[in-house]
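The values are calculated or read from the model by the stated rules, or taken from the named source; none is laboratory data. Quick caveat: nothing in here was measured; it's all calculated off a predicted structure. Heads up, the Cβs are rebuilt from the backbone with ideal geometry, glycines too, and the neighbour counts pull from every protein chain shown. Note: accessible area is taken over every heavy atom of the protein model, side chains too, but ligands, DNA and RNA are not part of it. Shrake-Rupley method; radii C 1.70, N 1.55, O 1.52, S 1.80 Å.
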Amino acid sequence: MLEVKNLVVAYGGIVAVRGVSLIVNPGELVAIIGANGSGKTSLLRCISGLITPRSGEVYINQTLANEIPSHKRVSMGLAHCPEARKIFAQQSVLDNLILGAFVRTKKEKMSKIHETVEEIFTIFPKLKERQLQQAGTLSGGEQQMLAIGRALMLKPQTLILDEPSMGLAPVIIDEMFNVIENIKKTKTTSILLVEQLAYRALKVADRAYVLEQGLVRLEGNAKELLINPEVKAAYLGVNAH
Amino acid sequence: MNQIFQIIVSGSIQGIIYALIAFGYNLTFSTSKTINFSLGNVMMLGGVIGFSLYVDIHSGNLLGHSYLFPIIGVLVAGMIAGTAIHKFAIEPSLKLKSEFTWVLATLAVGIIIKNAVEQIWSTGDFRFPSPLGDVPFRIFGTGIYPQEILLVVVATIIVFGVESFKKYTIYGKAIQAVSEDKETASLMGIPQHQVVRISFILSATIATIAGLLVAPLTFVSASMGSSLGIKAYAVSIIGGLESGKGLVVGGLILGISEFFTARYISSGYKELPGFIILILVILIKPNGLFGKTMIKKV
Amino acid sequence: MNNKVFKSFKYLIYFLPLLLPIFVHNEYYVHGILGRIIIYTILVASLDIVTGYIGDISIGHAGLFAVGAYTMAVFNSTAIANAGGSIHLFYEWPFLASLVMAVIITAIFGFILGFPSLRSSGPYLAVTTIAYGIIIYTIINEQENLTNGTKGIQMTPLKIGSLSLDGNNYLWVIYPCLLLVMYIKNNLAQSFWGRAFEAIKFSSIAAESCGISKSYFKISAFVLSAGIAGLAGGLFTHLDNYIAPNTFSLDFSILALMALIFGGVRSALGNIIGMTLVVILPDLFTWFKDYRLMVFGILLLLVLFFLPNGIAGLVRETFEKLFPKKINTKYDLLKLKNIGEQISLFDSQKASSVTPLKLESLEMRFGGLVAVNQLELVVKPGTIHGLMGPNGSGKSTTINLITGLYKPTNGKVIIFDQLANEVAPNKRAGLGIARTFQNLQLFSDLTVLENVLVGLHTHYKSSLFSILLGLPNVQNEELHHQAECLKWLEFVGLSHLALEKAKNLAYGQARRLEIARALAMRPKLLLLDEPAAGLTTTEIEEFNSIILKVKEHGISVLLIEHHMDMIMKISDEITVLDFGKKIAGGIPSVVQKNTLVIQAYLGSEGEGA
């Protein structure tokens, strides 16, 4: 589905990603965890084409995508739900969702797209109540739901989620991870999840990569990483023992 | 009393002309965050091309064919001008990411257009007979030209048309998405460069239509766009770029204040109050009357 | 020795044009063309101060030029020359007095023009300058009893005794003025004033944190610029001994701007080349005279996109390529090193027992959101205090409250025993705090050394007057401060890069430069906002040792950091935030084991722990 080989990302003088390789197989939920500034977001932005890598390759469905502009990667089935939600605050909730299906409108009828909207509403019933409201007036948690819903509108083959828990209250975070697990259960979408909350992410993921200073420090089965003391060390600066 | 009514009506019509061109500024500002300083001269291009396709420049008589000719001519000219301005001034400026390259680039384009028209066409002033005739209506003792009514109607149709396009179609929503957040728009699969180009084509076409509509009310000349362009810019700033309400309010403030000053003080000073109001507005509200305040993050 | 001869020779060349009126009698080229170039170049130089240094575009300088020209005309013209006009009052002041008046009155107009620039920028500011120019243009057209309207004002030709200063001889008046303006502008650019201008342009927030008042320096720039524009205008009046309003239209403002960009900003050479081209191009190529503006337009587009630094930029780059050794003779590092031996750092920052920072039940609300909630925090003298918390926990808001970018909705910020809630950001440097920024805020076009010099801003004592005239005490102060800055660079290990542009630094180096700049402010409390973000392990190690060295000198540090390794290793005490509230505090080893902290960071306790 998605593969990254020896990716190096730099902007300005910062080398944010220093040679990362990873793979997301069909139907898999892969987590990338790591502290702030470890290069997670830069990696994702490079995968969806918002920044160009200094070196290395990005493959989407086995196609080398380095030269493909970001908006065309969306047509290849890649949906990216960006950090800090980035909903279109001045447009309605419904319009935000429809924009998520922008590339589908070229081939499919609007009625199909409205069907998907209804599906999203069953996942996030709160959005249905507020569909005509300006998105900027939603609470943080609702905005995050909208951002995920908007990404799902594409019916993506691969879904990238960048820190869905950021700035949310613990109860809402629980809800968010339930939704992620449910998407995973459908088996139609593979997910690349970036999280700061390592243990939460590891609990839902199949496999995971631990990023530190732009490098993969650990990788493997998520359940195994969950009990690996090195993960905690990477976060809290305590020596592993 | 009657006189004041006449001033308000004429001033409002003038204000609507400003607002229509200002609408063109807003369209491109929202997608590219630049002001197209050549827009006044693009409007002039509309007037000149419309004139050339409708009136014989030497005799001043009508060429005799349908008004459809100038309309089509003006639409085509607008689209070409919009594409060219985007390609030669805006796109390279945006790539450089400099604060004011676009100011000079669009100023340069405006100068080129004006000079070209002067050399290729004429430096003179010409009267453009209105297709609706030049006999004013009388409503409660206030004279209104049929051309003025046409202008108000077309301006309303254009503004409402474009606004509903933005609101109700997926492409319109895409334009709004780009103006809010280019990066996220491209994550939705929206081709932002194309959207910016379309906004420039739309904006230039509105300007050339405005030129065709305004020409019979003034004179046609290579310099007809300069001051109109600046004043329309002032209008869009008074109202606050990206605000539809602001356009109308700004246009009316400028238009009516001009007519009042011309009537009661001196016609030489008619532009003064509008520009003084502009400076005061910017001093008190740096982003215009209805503009959104931008929050800078550290 | 050779060098000295060369230098004095160079100065002689500057004065050569003064001989022209003696040897050349062609009126058209000397008086008409050269005279115009000289006066217009002064105007371009004035525009350069606002647009090149401060970065605010002005499309209204023709208005200021007009104010200068008409002030001169009103005060200096005579009744005889203007018989039959609408003016009835003639002051008939002498030339020099009128010229001073032109400068002063135009400076006042510049003062007014400066205000919109304090809060507006981009298209909003550009239109106010246009409006300002149009307002002035309208007034000179209409106020007939002051300006004689469209008929214009006639001047009496200048004379000193029997020596005529008219025609070619007018060069003796205007050329020294051009030299003076370029000298002043150069002195200004090299001084802490010029650096303050550029600092504001690149990052007004960082500039304010260095104690530079944005409003003061912006308004001053507009006043200076207007004064020089007034000088140009005042001189213009006597060029043809006649002025009329149509010279001063919007088109002239645009032309001046075009000349500035053609030539290249922030360069005397650029100002001269730009205006020369604008004036003489149509004369050299008569075939395109009618198409003059079109050719200018196309040239302008080409210069904009292919020579972003203008023609002077091209000249400079070629020169640097041909003579790579001649670059940067501006700073003599060896000399600075020698001076630096007598300077000891940290001298004025002796540790005190006063508590550097106290936050008392601090609260910040944005609408309904409480970003910081009842926060209590004390930084003890001479310690490193760590402030940590996950993303969105209120760390950035807290630092913005301490540095004054936000005013708290409740509670107190107390800096060195002073209540600082209402103190403006640029005044907080004076209280003894300095900061670095999470997303680097360097002045990217300035050199590394100059960046640190901006940090020393508040410690400069020279007056603007002595700077403009380039008095020797200014140079001494400058050298002394440069030497100190070089030592600060040594302290953070960057002295070998002193002459490099800041934008060419690697990320880790840029981080250290921010520290050097902050230290140059000679603070007693240093605020570090996520200094380790994006650094490698070794870079963090180096960074830690710098911070510990700073602490040794008795300076307190508030370290806002996400990077656990770092904060745990060097902090004496830690405060942990989550959702704007303090959830834990104390010494690192205790905080590390706090379950609330682990939960906030990892999402749950974690089975492995």
Name the single residue that is surrounded by the fewest Cβ atoms within 10 Å (Cβ to Cβ) among those in the stretch B:95-107 being in contact with a helix residue (DSSP H, G or I) (Cβ under 9 Å, 6 or more places away or on another chain) and free of Cβ contacts under 8 Å to residues at least 40 places away in the same chain.
B:Lys95
Residues that are in contact with a Gly (Cβ under 7 Å, 6 or more places away or on another chain) and either part of a loop (DSSP other than H, G, I, E, B) or in the same structural domain as C:Leu188 (by TED's automatic domain parsing) (or both), drawn from the stretch C:421-457:
C:Val423, C:Ala424
If you check C:Ile38 against the conditions, is it more than 14 Å from every other protein chain (Cβ to nearest Cβ), more than 17 Å from C:Gly227 (Cβ to Cβ), out of contact with any Phe, Trp or Tyr (no Cβ under 8 Å at 6 or more places or on another chain) and open to solvent by less than 30 Å² (accessible area, probe 1.4 Å)?
no
Taking the stretch C:267-300 and keeping residues within 14 Å of chain B (Cβ to nearest Cβ), open to solvent by 40 Å² or more (accessible area, probe 1.4 Å) and within 29 Å of the chain's Cα centre (by Cα) leaves C:Leu299
Considering only the stretch C:517-524, I want to know if a residue exists there that is over 26 Å from A:Ala10 (Cβ atoms), over 23 Å from the mean Cα position of the chain (by Cα) and open to solvent by 50 Å² or more (accessible area, probe 1.4 Å).
yes
Per the filter on the stretch C:251-292, residues of a type in the set (Ser, Thr, Tyr), assigned to a helix (DSSP H, G or I) and in contact (Cβ under 8 Å) with a residue 12 or more places away in the chain are C:Ser253, C:Thr276
Helices (runs of 4 or more DSSP H) (entirely within the stretch B:1-111) containing at least 3 residues that are within 14 Å of chain C (Cβ to nearest Cβ) and in contact with a Leu (Cβ under 9 Å, 6 or more places away or on another chain)
B:2-32, B:91-96
Scan the helices (runs of 4 or more DSSP H) fully inside the stretch B:184-298 and keep the ones with 1 or more residues being more than 11 Å from every other protein chain (Cβ to nearest Cβ) and farther than 30 Å from A:Ala147 by Cβ.
B:192-214, B:224-239, B:244-264
Looking at (1) within 12 Å of another protein chain (Cβ to nearest Cβ); (2) open to solvent by 70 Å² or more (accessible area, probe 1.4 Å); (3) under 28 Å from A:Glu181 (Cα atoms), which is the only condition A:Ile123 fails?
(1)
Being touching a helix residue (DSSP H, G or I) at 6+ places or on another chain (Cβ under 8 Å) and of a type in the set (S, T, N, Q) is the filter here, so list the residues in the stretch B:108-130 that pass it.
B:Asn115, B:Gln119, B:Ser130
Leading residue by the ranking (least open to solvent (accessible area, probe 1.4 Å)) among those in the stretch C:368-382 that are out of contact with any strand residue (DSSP E or B) (no Cβ under 6 Å at 6 or more places or on another chain) and in a strand (DSSP E or B):
C:Val370
Just checking, which of B:Val220, B:Val235 is buried (at least 21 other Cβ atoms within 10 Å of the Cβ), over 27 Å from B:Ile175 (Cα atoms) and not charged (D, E, K, R)?
B:Val220
Within the stretch B:153-181, track down each residue that is touching a residue at least 24 places away in the same chain (Cβ under 8 Å) and of a type in the set (A, V, I, L, M, F, W, C).
B:Val154, B:Ala155, B:Ile158, B:Val159, B:Val162, B:Ile175, B:Val178
For the stretch B:128-149, name all the residues that are more than 21 Å from the chain's Cα centre (by Cα) and either within 14 Å of another protein chain (Cβ to nearest Cβ) or within 18 Å of B:Pro216 (Cβ to Cβ) (or both).
B:Pro129, B:Pro131, B:Leu132, B:Gly133, B:Asp134, B:Val135, B:Pro136, B:Phe137, B:Gly143, B:Ile144
Can you go through C:Leu96, C:Leu64 and tell me which one is modelled with pLDDT of 95 or more, more than 14 Å from chain B (Cβ to nearest Cβ) and open to solvent by less than 10 Å² (accessible area, probe 1.4 Å)?
C:Leu64
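To keep it simple, each residue is scored yes or no on (1) modelled with pLDDT of 95 or more; (2) aromatic (Phe, Trp, Tyr); (3) in contact with a Gly (Cβ under 8 Å, 6 or more places away or on another chain).
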position	(1), (2), (3)
B:Leu213	yes, no, no
B:Phe219	no, yes, no
B:Gly244	no, no, no
B:Arg263	no, no, no
Among C:Val74, C:Val44, C:Val67, the single one that is farther than 25 Å from C:Leu179 by Cα, assigned to a helix (DSSP H, G or I) and touching a residue at least 24 places away in the same chain (Cβ under 8 Å) is C:Val74
From C:Leu401, C:Leu336, C:Leu359, grab the single residue that is part of a strand (DSSP E or B) and open to solvent by less than 30 Å² (accessible area, probe 1.4 Å).
C:Leu359
If I filter the stretch C:458-507 down to residues being in a helix (DSSP H, G or I), within 18 Å of the chain's Cα centre (by Cα) and within 14 Å of chain A (Cβ to nearest Cβ), which single residue comes out as modelled with the lowest pLDDT?
C:Lys503
Look at C:Val303 and say whether it is within 11 Å of chain B (Cβ to nearest Cβ) and either assigned to a loop (DSSP other than H, G, I, E, B) or in contact with a helix residue (DSSP H, G or I) (Cβ under 6 Å, 6 or more places away or on another chain) (or both).
yes
Does any residue of the stretch B:238-246 turn out to be within 17 Å of C:Pro123 (Cβ to Cβ), β-branched (Val, Ile, Thr), open to solvent by less than 10 Å² (accessible area, probe 1.4 Å) and touching a residue at least 12 places away in the same chain (Cβ under 8 Å)?
yes
Count, please, the residues in the stretch C:1-31 that happen to be of a type in the set (D, E, K, R) and open to solvent by 100 Å² or more (accessible area, probe 1.4 Å).
2
Picked from the stretch B:63-84 (must be aliphatic (A, V, I, L, M) and open to solvent by less than 90 Å² (accessible area, probe 1.4 Å)), the residue farthest from B:Ser199 (Cα to Cα) is B:Leu63
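Yes/no matrix, rows are residues, columns are (1) β-branched (Val, Ile, Thr); (2) away from chain C (no Cβ under 14 Å):
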{"position": "A:Gly140", "(1), (2)": "no, no"}
{"position": "A:Met153", "(1), (2)": "no, yes"}
{"position": "A:Thr158", "(1), (2)": "yes, yes"}
{"position": "A:Val179", "(1), (2)": "yes, yes"}
{"position": "A:Ile183", "(1), (2)": "yes, yes"}
{"position": "A:Thr186", "(1), (2)": "yes, yes"}
{"position": "A:Tyr209", "(1), (2)": "no, yes"}
From A:Ser190, A:Ser165, grab the single residue that is in contact with a Ser or Thr (Cβ under 6 Å, 6 or more places away or on another chain) and under 29 Å from A:Arg18 (Cα atoms).
A:Ser190
Among the residues of the stretch A:55-88 satisfying the criterion of being small (Gly, Ala, Ser) and more than 7 Å from chain B (Cβ to nearest Cβ), which is surrounded by the most Cβ atoms within 10 Å (Cβ to Cβ)?
A:Ala79
